[in-house]
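Engineer: My questions all concern the structure below.
Nothing in this text is a laboratory measurement; each read-out follows from the coordinates by a stated rule. This structure is a prediction, so every number in the text was calculated from the model and none was measured. Here the Cβ positions follow ideal geometry from the backbone for every residue, glycine too, while neighbour counts run over all protein chains shown.
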């Protein structure tokens, strides 16, 4: 996908809309600029990753819902199951 996005240029004779149509990509993906995470957010995610790894190592059968409950109950962290699921996917951690 990123290769196709690098092929789109505003300086061409063909409009961006037509270029995106020819490549079969959405114009919104061309204009999208990802947000940079702050140092505080990066530190929080790193801590969450360590705690998720701890709970997964201790209880490898637990999925993202159960780990989110453990993080709330045992570690007193306000975290949602979607965040835990995303971090587990990034870390290639799955319930056995």
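Engineer: By how many degrees, between 0 and 90 and to the nearest 10, does the Cα long axis of helix 64-73 differ from the longest principal axis of the chain?
Structural biologist: Taking the Cα atoms of the chain, the angle to 64-73 is about 50 degrees.
Engineer: Expressed as an acute angle from 0 to 90° and rounded to the nearest 10, what is the orientation of the C-alpha long axis of helix 81-90 relative to the principal long axis of the chain?
Structural biologist: On a 0 to 90 degree scale, this one is about 70.
Engineer: What nm value, rounded to one decimal, do you get for the distance between residue 33 and residue 12 when each label is placed 7 Å out toward the C-beta?
Structural biologist: My value for the distance between the label points is 2.2 nm.
Engineer: For Rg and Dmax of the Cα atoms in Å, the listed values are (1) 14.3, 48; (2) 13.4, 42; (3) 19.7, 60; which was obtained by calculation from the structure presented?
Structural biologist: Recomputing Rg and Dmax of the Cα atoms in Å here gives the entry labelled (3).
Engineer: With springs only between Cα atoms under 10 Å, which of 81, 73, 13 fluctuates most in a Gaussian network model of the chain?
Structural biologist: Of 81, 73, 13, the Gaussian network model singles out 13 as fluctuating most.
Engineer: Right, something else. Listing 64, 59 from the residue with the fewest other Cβ atoms within 10 Å to the one with the most, what is the order?
Structural biologist: 59, 64
Engineer: Compute the angle between helix 39-58 and the longest alpha-carbon principal axis of the chain, please, reported from 0 to 90 degrees and rounded to the nearest 10.
Structural biologist: 50
Engineer: Okay, moving on. May I ask you to compute the full-extension gain from residue 57 to residue 43, defined as 0.36 nm times their residue separation minus their alpha-carbon distance, rounded to one decimal in nm?
Structural biologist: 2.9 nm
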